[in-house]
Structure formats: C-alpha cells, structure tokens
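Coordinate-derived values only; no laboratory data. Keep in mind that this is a model prediction, so the values were computed, not measured. As a convention, Cβ positions derive from the backbone with ideal geometry for all residues, glycine included, and neighbour counts pool all protein chains shown.
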Amino acid sequence: MFKVNQNFARLQGSYLFSEIAHRVAEYTKANPDKELIRLGIGDVTRPLAPAVLQAIDAATREMADAKTFMGYGPEQGYEFLRAAIRQGDYAERGIDIDLDEIFVSDGSKCDTGNFQELLSPDVRVGVTDPVYPVYVDTNVMAGRSGEFDTAASKFSNITYIPTTADNNFVPALPQGKVDVMYLCSPNNPTGTALNKQQLKVWVDWANETGALILFDGAYERFITDRDVPHSIYEIEGAKSCAVEFRSFSKTAGFTGTRCAYTIVPKELFGEDESGSKVSLNAMWLRRHTTKFNGVSYIVQRGAAAIYTADGKKQVEDTIKGYLENAAIIKSGLAEIGITSYGGVNSPYVWLKTPDGMTSWDFFDKLLREANVVGTPGSGFGSAGEGYFRLTAFNTKENTEKAIQRLANLK
Ligand code: PLP
C-alpha cells in the first residue's frame, strides 16, 4: 500500500479548543439555565464596513455583465489592490515597497503555514513560547521537528524562546543556531507588541547570522503606541532578512471573506546547496503562481475599499470598539487585583492567573463561578502556563457583563 507522510504522526491533537468545547458542553448540559459569555473567541464579530460592502456589491454586478465579467486574475493579486496596499500600508509610513513584492492571498494562516516550503528541510526553526500553533505544526508536517516531549510540551529540534512577564514579553535572542525565526507582533496570544528598538535587535541578529525572520503582523491595525512599528520594514535592514505577513481578517472583519497579503522583498536571498544566492521573491512567485489561482475579484475589490477615506474611517471605528472592550477588560481585572498584559495594541488581554492557579484551573473557576469562557494560556505552549487569554471580540454589553461577573468572584 502507498505510504503516508510519517511526519503527520508527530502532530499533537488540537487539544486546546476541543478540550474547551468539551468542558463548556459538559457544563452547559449540567446547567442549561446559565448564560455563558464567551471571551475566548479569536474571531471578529462586527460586520464588514459599509464601504467594503458597497465595493463588493458593485463588483458582483460587474460579474453579471459579459462586458465587465472577470475570470482568472493575476495569482499575485490585482494591481488595484496591490497599489492600494503599497500606498496605504507602506508609502504613507515612508516605506518603499514595489508592487511585485506584494502577494495577495486568501489568508495569513495559509501564507505563514506555506512559506516554509521554500526552505531546506534541515533549517532550524525558532518560535516564541507561547505561540500561534500554525508556525510549529506546519514545520512538523514538513519534517523539521523531532518527537513531541509531552512533559516539556515541546518538539525536539525546534527552538522555543519564552516570552513571559519575566522578560517583559520580549523574546531573548536564541542561544544556539536558529535559521528561521517566527515573530508575531502584536502577538497572539499575549497581546503584547515589540517596539522599534526591540525589533531592531532581531533584525540586526538576522542580518548578522544570515537568518530569516517570518514576521506576522496580523494584528497591525490594533497598534496604538507610537513606538510600536506597524511594519518590520520600518526597521533599517529588514528588507534583507524579513518576510511580512498581513491579513484583512482582524483588520477589517475578513475572517469569513478571506483576504491577506505577504511582502517578500527583492533584497531577500537564501542560499542553495552550492552556496549561490537565490531570491525568495522569485521562489514565492513561482510557488504562488503554481499552487494558487488568486483571491476572487469581488473580495479584492472589497479589500481595496478599506484604503478609501470612508473605508479607512469605518475600519478604524470598528477597531476602536474592540480596543474599548480590551480597556474594559483590563481595568476590570485591575480592580479585582488581577495583573494583565497586552490589550493596548491588540484585541487580546493576557492575564496572570491569581494565586498561582494553573491555566486550566482558572478556566474551570471562570466557567463555573462566573459563566465566562476564556482560553487557558498553557494551550499555546508551556511558557503560557499560569496565564489566561481574554479577547475583546464580544459586544461591549457582554464584555461589561463578563467583567461584572469577574468582580463577584471569590
Ligand atoms: N496569524 C495570527 C497570529 C493569527 O492569530 C491569525 C488568526 O487568528 C492568523 C494569522 C490567521 O489569519 P487569516 O485569517 O488571514 O488566515
């Protein structure tokens, strides 16, 4: 019989969300009259902006007429969207990005997961701990990890760099060799963000050691602090060592509509077996055009609308609403003596569980005593133990209600 990819056998079950669902279902079954408030969700809840809907509507009508109908488009994305991205996300911040460095896709999950295909199977991968699991699992599938150590909650052959309150959520440079480092800022799950100085340390390290940074900026639009860079290319030298992933998902409510993009600078080179330089931009173009047939025209028109004056304002208002919820959560926690992090440049609030409770014990307490559902930090990695994630994606009313319930906890 044919053989399967044995690397998949090393993957761990998606324990976190299935275990949450299981505990919530059990509790609900035993307590059908209790109304739960979910502050664990990582999905947006507010609708698409009116400007986006208008653009989608107009594009849909174009599809109804043979004269304006659109078939296959360029795999890298239509020029109207890439030009809007170049202007709105980069030129206006003083960053020069060429159109052919922008690759539009249907999501940052796919892009952050697929990019490792361009790299040799034996590159050493580094991640921060806790971590967005896609970075780890896609490298496990590709055979870059060893076995999973259940006690340590880590794969061998992957370098985990803790980001906790002890280091102010700033990952230290790796001790041993790391060829590819995934950085996510503002971070999921910690909600914290690296400032320019902190990110510069990583860019300098990558240029000095010849490493690649895969920089995930999925939560860029939530940045409020002035010294937090919106793009890694605000840091000098980043174009020769970093790829940047951006998504319209959290930016503009596209989690169900699907649109994202990746920047692969033309100054970025890896090395082949003979030591010759190879352009990652050329490789990603080849991969993208071979394996992907583009985001739908209708959706790209919708995405481009967030760069219009109306669209920009509407998207900002939505983000502001989420950030207000984050502020409500943070001040509510402070009032009851719970320390929290993040939530200022991010929709995620990362709290320290009180009295040294484990993440799962705190989950159970919140579920049973406050009927609030959050996400245990240990589910994102061993360094997340003793932390807990609450998200700002519920309504203001529910967020306030949840915080009131927390205040009544004993
Ligand atoms: N990157 C991070 C850090 C995320 O948290 C998420 C979604 O939760 C994604 C990427 C996925 O983005 P997309 O919806 O564009 O696939």
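All other residues whose Cβ lies under 12 angstrom from that of S247 are scored, Lys and Arg at +1 and Asp and Glu at -1, for a net of -1. Computed over neighbours whose Cβ is under 10 Å from that of V373, the net charge equals +2, Lys and Arg +1, Asp and Glu -1.
A DSSP coil position with no more than 10 other Cβ atoms inside 10 Å describes none of the chymotrypsin sites (Phe, Trp or Tyr not before Pro) in region 315-368.
Residues of region 315-338 falling in the label zone of K396, defined by backbone nitrogen less than 19 Å from a point 7 Å along Cα to beta-carbon, are 315-333. Here the simple spin-label model places points 7 Å from the Cα toward Cβ, and for Q6 and S120 these points are separated by 2.2 nm. Here the extension length gained between D43 and A152 equals 36.3 nm, from 0.36 nm per residue of separation less the Cα-Cα distance. Here the simple spin-label model places points 7 Å from the Cα toward Cβ, and for E267 and A83 these points are separated by 2.6 nm. Near T289: Cβ cut-off under 13 Å, other residues only, Lys/Arg at +1 and Asp/Glu at -1. The net charge is +1.
What share of Cα pairs, in percent, lie more than 22 angstrom apart in region 54-308? Above the 22 Å cut-off, region 54-308 has 55 percent of its Cα pairs. The count of lysine pairs in region 54-308 whose Cα atoms are under 23 Å apart, excluding pairs fewer than 8 places apart on the same chain, comes to 18. Distance from the Cα centroid of region 17-33 to that of region 93-143 is 34 Å (rounded to whole angstrom).
Remark: the S279-E369 segment gains 26.8 nm on full extension, using 0.36 nm per residue and subtracting the alpha carbon distance. Annotation: the residues S108, S156, sorted from fewest to most other C-beta atoms within 10 Å of their own C-beta, follow the order S156, S108.
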